[in-house]
Every structure is written in structure tokens, then in C-alpha cells.
Amino acid sequence: MASGDDSPIFEDDESPPYSLEKMTDLVAVWDVALSDGVHKIEFEHGTTSGKRVVYVDGKEEIRKEWMFKLVGKETFCVGAAKTKATINIDAVSGFAYEYTLEINGKSLKKYMENRSKTTNTWVLHLNGEDFRVVLEKDTMDVWCNGKKMETAGEFVDDGTETHFSIGSHECYIKAVSSGKRKEGIIHTLIVDDREIPEISC
């Protein structure tokens, strides 16, 4: 009656019901707008293994396996200007964690608020292609799709013009005083004699 075979029922199935390799530990994703473009920062945190992995624009920047301390911080650079970024890992309660991103020592929210005061951003469509132009007001550097542009400054009757080209298109950013102290200087992007509306980053 008994076959004498004591082997387990699932003899042919050697794989476990789930694979740890396939489980993702992605806990946070941030989009950070810098002068050279919008960068995606992804963070994996293995709360059982202590693994920490940071990806910037899909490229692995940091990988640490088997960290015994589950809280702490990871610091790395983002973008062409090597902007300093830090992910803070804090325990909230029990096994719950909070992840916050700092850029140049400021919370992401504060950094973006400050950035909107120090930069102007325009998005335009030329020859079937999208371009993102950013002016850094403190340095007057102009970036287009992640590259710092060669510029030439010129004084004009009512202010200054910073000239550059996108392909065969002549561009300049005109800076004129608003006449109001709170508003300060108004920057306008002109491409092929056409004004481009500014976007809020």
C-alpha cells in the first residue's frame, strides 16, 4: 500500500514560492529640477537587509549591502554642476521610516522655493524638438537641455541682453528693471524675435 517514497510532494519544484531577488525595496522617488535639467532620484531601502541603493537618472550612484544601522544618511552628487544631495533616513515608529531629500543642505521644498527666485525657466519647441532654457540670475549662466551655453552680453538702452544660439535660432534673454523694488529685474527670453512665456519650475 505504501510506496516507501518519502520524498516531498513538490519534488520537481526547487524554486521557493517567492524570490527575494525579485522583491523591490524602492521606497522613495524625487524629481529635482536643476539648471541642466530635471533629474530623477530613486532610493531603495531594505529594512530587513539594511540595503541602501541610490539611483540618479536610472544610474546607480551608491550601493551598500547589509547595513546594520537602518537610519542615517546617504550623500551624493546630482547633475552637471555636481550639486550635493543627501537622503535622510529616520525612524518614525516601529519599522516605519521617513525619507527626506536635501539639496545643498536645504529641504527639497525650500531649495525649490529659493531656486524659483534665483532662476528663470522657459520651455520651447523648435524644429520638432523640445528645449528647456534656464537662466541662473546670480551668475547669468544660461543652460539649454543640460548644456551650459556660450553667451555674449550686451548693454542696450533699457537694460542688458545675453545672446546665444540654439542651432540656427538666434536667442537672447533681455533683462530690464521693473521699476518696482520688490519685483526687481524682469528677464524675458526672445527666440527669432518671438517672446517665449516663462514656466514655473
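Are any residues in the stretch 97-120 in a strand (DSSP E or B) and open to solvent by 40 Å² or more (accessible area, probe 1.4 Å), and if so, which ones?
Kept after step one, since they are in a strand (DSSP E or B), are these residues of the stretch 97-120: 97-103, 106-107, 119-120.
Hits for the stretch 97-120 are 97, 98, 99, 100, 102, 106, 107.
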*Check whether at least one residue in the stretch 36-48 is within 12 Å of the chain's Cα centre (by Cα), touching a residue at least 60 places away in the same chain (Cβ under 8 Å), surrounded by 15 or more Cβ atoms within 10 Å (Cβ to Cβ) and under 25 Å from residue 139 (Cα atoms), and report yes or no.*
yes
*Is there a residue in the stretch 188-201 that is hydrophobic (A, V, I, L, M, F, W, C), open to solvent by 60 Å² or more (accessible area, probe 1.4 Å), part of a loop (DSSP other than H, G, I, E, B) and modelled with pLDDT under 90?*
yes
*asked:* Among (1) closer than 30 Å to residue 52 by Cβ; (2) of a type outside the set (Lys, Arg); (3) open to solvent by less than 40 Å² (accessible area, probe 1.4 Å); (4) without any contact (Cβ under 8 Å) to a residue 12 or more places away in the chain, there is one condition residue 86 misses while meeting the rest; what is its number?
replied: (4)
*asked:* Here is a check on your reading of the model: is residue 91 touching a strand residue (DSSP E or B) at 6+ places or on another chain (Cβ under 9 Å), over 26 Å from residue 188 (Cβ atoms) and surrounded by 13 or more Cβ atoms within 10 Å (Cβ to Cβ)?
replied: no
*asked:* Suppose we keep only residues that are without any contact (Cβ under 8 Å) to a residue 60 or more places away in the chain and of a type in the set (Phe, Trp, Tyr) within the stretch 121-176. Which one would you say is surrounded by the most Cβ atoms within 10 Å (Cβ to Cβ)?
replied: 172
*Determine the pairs where a residue that is over 17 Å from residue 40 (Cβ atoms), located within the stretch 98-113, has a partner that is among the charged types (D, E, K, R) with Cβ atoms under 6 Å apart, the partner being 6 or more residues away or on another chain.*
98/90; 104/84
_Out of 59, 69, 73, I need the residue that is within 30 Å of residue 142 (Cα to Cα), open to solvent by 80 Å² or more (accessible area, probe 1.4 Å) and of a type outside the set (S, T, N, Q). Which one?_
59
*asked:* What's the total number of residues in the stretch 27-63 that are modelled with pLDDT under 90 and under 27 Å from residue 133 (Cβ atoms)?
replied: 0
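Of the residues 150, 98, 113, only one is closer than 24 Å to residue 83 by Cα and at pLDDT 95 or above; which?
Criteria check complete, one pass: 150.
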*residue 70 is checked against (1) part of a strand (DSSP E or B); (2) hydrophobic (A, V, I, L, M, F, W, C); (3) modelled with pLDDT under 95 and fails just one. What number does that condition carry?*
(1)
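The values are calculated or read from the model by the stated rules, or taken from the named source; none is laboratory data. Note that this is a predicted model, so its numbers are computed, not measured. A quick note on method: Cβ atoms are made from the backbone with ideal geometry, for glycine too, and the neighbour counts reach across all protein chains shown. Remember, those area values only see protein heavy atoms, side chains included, never the ligands or the DNA or RNA. Shrake-Rupley method; radii C 1.70, N 1.55, O 1.52, S 1.80 Å.
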